[in-house]
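Read through the structure below, which is laid out as structure tokens, and then see the notes.
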Amino acid sequence: MKVIAAAVLTLLAASTVSAAPILVAGSTYDLYLAGESSGNVSDRTATVDGVADTYTRAGLNLSLNEFDTDLGSGNHLISIRLTANGDLYPTLGEGAIVSLGAFGNGLNFLAPLHLTDARIRLFAGATSVFASSNLADDYRAELFLDPWSGLFPASNDSFSVGNGGGKGVDRVQLDFTVAEVAAVPEPATLTLLGLGLSAAAVRRRRRASQASCD
């Protein structure tokens, strides 16, 4: 699997989110997690149902859940949160690897979406120890064209936060701000739409011509 370096660990403030519906209820997604040195690979499938999915990894108890907030005007905030009762990346200085839909099973949406903002956040207890830059902008041309696939970053890819190990990270959070976009029309619809636009353009030109002659 290809690993993309997200950033070097820095100290930043915490953030909060809540919930509302753009995710398809009952659909599934996979969260991939690994330490660059410690390993402890897991690729967990969770269901969008508002109920935390619990499992164990390397002797730790983990809880995985998704939160979906309607921000209004077709904008939404989706947060994927994984919490544990110990350090998820225990080896000092190792890269903290994370991916959503690493093998193709990403998020599913009720409408086509533009990925406006995407950030990886790492926490130790209530303390935010890392927050990435806006990775949607950083990798838009190669990974995040419209409509967003629901993968982060892509199938067979992952992000790695440098120097993330040994920091007591017990929560990984992926925060996505998205905007609804118009669906791409079928070819027949495109033809009809093109004819309609042409007619409208002619009408606009005629009005402009009349206005300029008066």
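Coordinate-derived values only; no laboratory data. All values reported here derive from a predicted model rather than from experimental measurement. As a convention, Cβ positions derive from the backbone with ideal geometry for all residues, glycine included, and neighbour counts pool all protein chains shown.
The set of residues from segment 53-62 being farther than 12 Å from Gly86 by Cα and among the hydroxyl-bearing types (Ser, Thr, Tyr) comprises Thr54, Tyr55. Looking only at residues of segment 38-81 that are acidic (Asp, Glu) and within 22 Å of Ala102 (Cα to Cα), we find that the one that is surrounded by the most Cβ atoms within 10 Å (Cβ to Cβ) is Asp68.
Remark: pairs (first residue in segment 118-139, without any contact (Cβ under 8 Å) to a residue 12 or more places away in the chain; second residue crowded, with 19+ Cβ neighbours inside 10 Å and small (Gly, Ala, Ser); Cβ separation under 8 Å; 6+ apart in sequence or on different chains) are absent. Within segment 120-148, the residues that satisfy the criterion of being crowded, with 19+ Cβ neighbours inside 10 Å and not in a loop (DSSP other than H, G, I, E, B) are Ile120, Arg121, Leu122, Phe123, Val129, Phe130, Ala131, Leu135, Ala136, Leu143. Of the residues making up segment 149-179, those that are part of a strand (DSSP E or B) and of a type in the set (Ser, Thr, Tyr) number 3. Cβ-Cβ contacts under 6 Å between residues 6 or more apart (or on different chains), taken from a first residue in segment 63-84 that is touching a residue at least 12 places away in the same chain (Cβ under 8 Å) to a second residue that is part of a strand (DSSP E or B) and aromatic (Phe, Trp, Tyr), are listed as Ile78/Phe176; Ser79/Phe67.
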